[in-house]
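Read through the structure below, which is laid out as structure tokens, and then see the notes.
The values are calculated or read from the model by the stated rules, or taken from the named source; none is laboratory data. Note that the structure is a prediction, hence the values are computed from the model and not measured. Because the Cβ atoms are built from the backbone with ideal geometry, glycine has one as well, and the counts that use them run over all protein chains shown. Ligands, DNA and RNA are stripped out before the accessible areas are found, and what is left, the full protein with its side chains, is counted by its heavy atoms. Shrake-Rupley method; radii C 1.70, N 1.55, O 1.52, S 1.80 Å.
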Amino acid sequence: FKGGDTCEYLLSSGRFLGEKVWQPHSCMMHKYKNSEAKNCLIDKHVVFIGDSRIRQLFYSFIRLINPQIKEEGNKHGNIPFEDKSASIKVDFLWYPEVNGSMRQRIKSWTEGSVAKPHIIVAGAATWSIKIHNGSNEALTQYKINITSIAPLLEKLAKNSDVYWVLQDPVYEDMLSESRKMITNEKIDAYNEAAVRILNSSSRNSKAKVKVFSVSKLIAQETIMKSADGLHLPESSRDTNAMILMNVYCNKIMKPIDGSCCQPQPPLTLIQKLAFCFFTLSIIGYLIINLIHRNNFRKNKSCTDLEGGEEKKPAISTPNVSTLEMLLHSLCKLGLIMTYFYLCDRANLFMKENKFYTHSSFFVPIVYILVLGVFYTENTKETKVLNREQTDEWKGWMQLVILIYHISGASTFLPVYMHIRVLVAAYLFQTGYGHFSYFWIKGDFGVYRVCQVLFRLNFLVVVLCIVMDRPYQFYYFVPLVTVWFMIIYATLAVWPQIVQKKANGNCLWHFGLLLKLICLLTCIYFLSYSQGAFEKIFSFWPLSKCFELNGNVYEWWFRWKLDRYVVFHGMLFAFIYLALQKHQMISEGKGDPLFSNRVSNVLLFISVVSFLTYSIWASSCKNKTECNELHPSVSVVQILAFILIRNIPGYVRSVYSSFFAWFGKISLELFICQYHIWLAADTKGILVLIPGYPMFNVLVSTFIFVCVAHEISQITNDLAQIVVPKDNSTLLKRLLCIAGFFSGLLLFSAMQDQSRH
């Protein structure tokens, strides 16, 4: 990859994904909305100068500002357009030939007293071919005329954006008799002359006329759909207009999914400090490792000549080994974070837009399903939702979600609704798992809370620092973190009701149910009181964690979307553990969960419920309406799956080790995909090997999975060091962590102030 200016690629190369989606080479193109186009072009003057093809491009361009505009009026005359609300002026000037008249108009803009347009889009040739019947003399005159215009355009290019649109090929079979002399051979000759002459005298890269040649590639694929063989179909013209908008606006608006023409963002103060920290960690580890090796050599066992005994080397102190483990973990983490930065912040690797097809989603799903079934093993225990089974559940769900993201399947509503259930199932497991732990163990100690919070948040905090992203950007981690604290608060607050206490007196079960009812009431109130919710999370420093783009609406939307499912998970755990305690279910190997009759009835109901939800989700027509129903009905498919998976004894006794392996690193996979598998913060796809899509996915996936597995091990190692079991040591560490976050908030405030 040559790197450098992706604008050049945007203007000159690319390919179609499907029939209508244009993919520039190496970068991503943003689809501008009317409001975004207005914000970019506010107080700007844009001029299109040329023939009927340029006029069509002009209309496609102004429709990005005002979609209501229609092509009407004098086709062979000047056409003005003005948007007074944003002070935008866009003019089309009818100059169908490159001649003295066009030169005089362009020259007028170079004179000091005349206001220069901010953007100039020019191009013409087909009229010269038509009027002069494709003669060689006309081509010679074209070269002379464009040679006289080129210095003027280059002079304008010092302060304005100047684009010369090369001529599109024609579909010769459809041309009328009056246009038969316009051949692709002639068009190529005129284009070659324009490319050779333009910028020939300019040595300053900033004073170059940008050659808009990508339109030729688009036309080669779509000109056969033209109405007259000369003019492009509307979809192709709209694509050209969108490319123009990306070339000019991306550096101003900086859209996440528009990597073309965007400069590399400068390093922030926090990123520089993180870079220094990881560099010192790597140096520290190398020094410690070197000292350790030297000591090992000095103390190497040698034979005592007198006694004939072997002397043993001195044993390293535990503190040194802890320090070495810490530096080793930070060293690996530093190298991994460098890879993250290079993939998604430096303009080193290519990025491409997603493009959804049914085969790109469903074929990989079938493939991993076959692999998962192939790696089937017996479980160590046969309880409902045992550890192997929950790891398997997390694993296959995570793989499906990854395929969903890379294939861009969110555009297909039935798939979107089923993926929403998988996200809800993760939160269901959060409620089930944490409730079961606190209910059975009764351990509400600080150590347990710190361990969970560290394992959930460590990677995200590091990524917020290195990738300069807000905490709420990685929405799933804030979601499970807040729900964990809610579960903890619900069960830890007085009176603490645990299984051991409840076994002595059945009334405590009603006390716990009362707590759960209070929790449900609070959830219901907050879900229908957006103002109260936003007030709670708008207080500083909570606002620093939960704000995205200056408000907490995104956080409220994410929380509201699955607001009941954690409660459902807690309630299911309570009912299941009560049934287990009273021996109302059979969890022996190969035994059905209930009596044969009850099991068969429940299985039938579960299958029907599962299919009914799928049919409803597949018939969804409106995402907003379906999202409103989702929080209440998602539990139906989750419970149906649990019963189908656990009622038959033989099904409960086996699990897929393939899926379970991925389940153990599911959190890391979910977070790492943002930057080293996908690109542009999940909006696109990372391209390590251009030109070979399948091979690229294989290589990037292998690296991505290995990195996620390594980060999981690093997190486990650091959790033992940062969160010790000794309370006094833990308190000191917590004070250090509080100091770290205070410093982070201070530096963040300084960054925000410097940006403003």
For this session: Once you have the Cα-Cα distance between D726 and T183, take 0.36 nm times their residue separation minus that, and quote the gain in nm to one decimal.
Result: 187.1 nm
For this session: Place a label point 7 angstrom from the Cα of A738 along the Cα-to-Cβ direction, then list the residues of region 447-479 whose backbone nitrogen is under 18 Å away.
Result: 447-451, 453-454
For this session: Considering Cα pairs under 8 angstrom that are at least six residues apart, work out the relative contact order of region 203-296 and quote it in whole percent.
Result: 12 percent
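Taking R0 as 35 Å, what's the FRET efficiency between D752 and K623 from their Cβ-Cβ distance, rounded to 0.05?
The formula returns an efficiency of 0.55 here.
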For this session: Report, in degrees rounded to the nearest 10, the 0 to 90 angle that the Cα long axis of helix 693-722 makes with the longest principal axis of the chain.
Result: 40 degrees
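For the chain, give me the percentage of DSSP beta bridges that are antiparallel, rounded to the nearest 5 percent. Walk me through the intermediate numbers first.
On the way: 20 of 38 bridges.
Here the share of antiparallel DSSP bridges comes out near 55 percent.
With r as the distance between the Cβ atoms of F355 and T322 and R0 = 35 Å, compute the FRET efficiency 1/(1 + (r/R0)^6) and round to 0.05. Write out the running numbers ahead of the final one.
On the way: r = 49 Å, r/R0 = 1.41.
Efficiency, rounded to the nearest 0.05: 0.10.
Going highest first, how would you order 487-498, 728-739, 462-473 by mean Cβ packing within 10 Å? Please report the intermediate quantities before stating the final value.
Numbers: 487-498: 14.7, 728-739: 11.9, 462-473: 19.8.
Packing order, densest peptide first, comes out as 462-473, 487-498, 728-739.
Restricting to DSSP loop positions (anything but H, G, I, E, B) with no more than 11 other Cβ atoms inside 10 Å of their own Cβ, which GluC sites (Glu not before Pro) remain in region 1-110?
Numbers: sites: E8, E19, E36, E71, E72, E82, E97; in loops: E19, E71, E72, E97.
Answer in residue order: E19, E72.
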Exercise. Quick one: putting +1 on the C-beta of Lys and Arg, -1 on the C-beta of Asp and Glu, what dipole do you get for region 214-274 around its Cα centre, in Debye to the nearest 20?
Worked result: 340 debye
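With +1 on each Lys and Arg Cβ and -1 on each Asp and Glu Cβ, and nothing else charged, work out how big the dipole of region 88-234 is about its Cα centre, in Debye to the nearest 20.
Working: 19 positive and 16 negative charges, 173 e Å.
Dipole about the Cα centre, nearest 20: 840 debye.
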For this session: Read through the labelled values (i) 278; (ii) 239; (iii) 215 and report the label of the one computed as volume of the Cα convex hull per residue in Å³ from the structure.
Result: (ii)
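Before I look further, what does the chain give for accessible area per residue, probe 1.4 Å, in whole square angstrom?
Working: 37430 Å² over 756 residues.
Accessible surface, normalised per residue, equals 50 Å².
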For this session: Please name whichever of F572, V90, Y447 sits farthest to the positive end of the charge dipole of the chain, dipole taken about the Cα centre and charges placed at Cβ: Lys and Arg +1, Asp and Glu -1.
Result: Y447
Exercise. Which pairs in the list K70/K225; K70/K116; K20/K180 are over 24 Å apart, alpha-carbon to alpha-carbon?
Worked result: K70/K116; K20/K180
Problem set entry | For region 427-499 versus region 686-756, the gap between their alpha-carbon centres in whole angstrom | 17 Å
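For a protection proxy built on the mean count of beta-carbon atoms within 10 angstrom, sort 237-243, 172-178 highest first, please.
On the way: 237-243: 21.7, 172-178: 11.0.
Ranked from most to least packed, the peptides come out as 237-243, 172-178.
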Exercise. What number, rounded to the nearest 500 deg cm²/dmol, is the helix-based mean residue ellipticity at 222 nm of the chain, given -39500 (n - 2.57) per DSSP H run of at least four residues and division by all its residues?
Worked result: -20500 deg cm²/dmol
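Per the 1.4 Å probe, what fraction of the accessible area of the chain, in percent, lies on carbon and sulfur atoms?
Values: 22730 of 37430 Å².
Looking at the chain in its full context, I get 61 percent from C and S.
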Exercise. So which aspartates and glutamates can K354 reach, going by Cα to Cα under 12 Å and dropping same-chain residues fewer than 8 places off?
Worked result: D257
Exercise. Going by average Cβ neighbours within 10 Å, how do the peptides 152-160, 360-368, 57-65 rank, with the highest at the top?
Worked result: 57-65, 152-160, 360-368
For this session: Counting only C-alpha contacts under 8 Å and six or more residues apart, can you give the relative contact order of the chain as a whole percent?
Result: 15 percent
Exercise. Cα-Cα over 25 Å: which of K33/K84; K544/K725; K623/K683; K332/K380?
Worked result: K544/K725; K332/K380
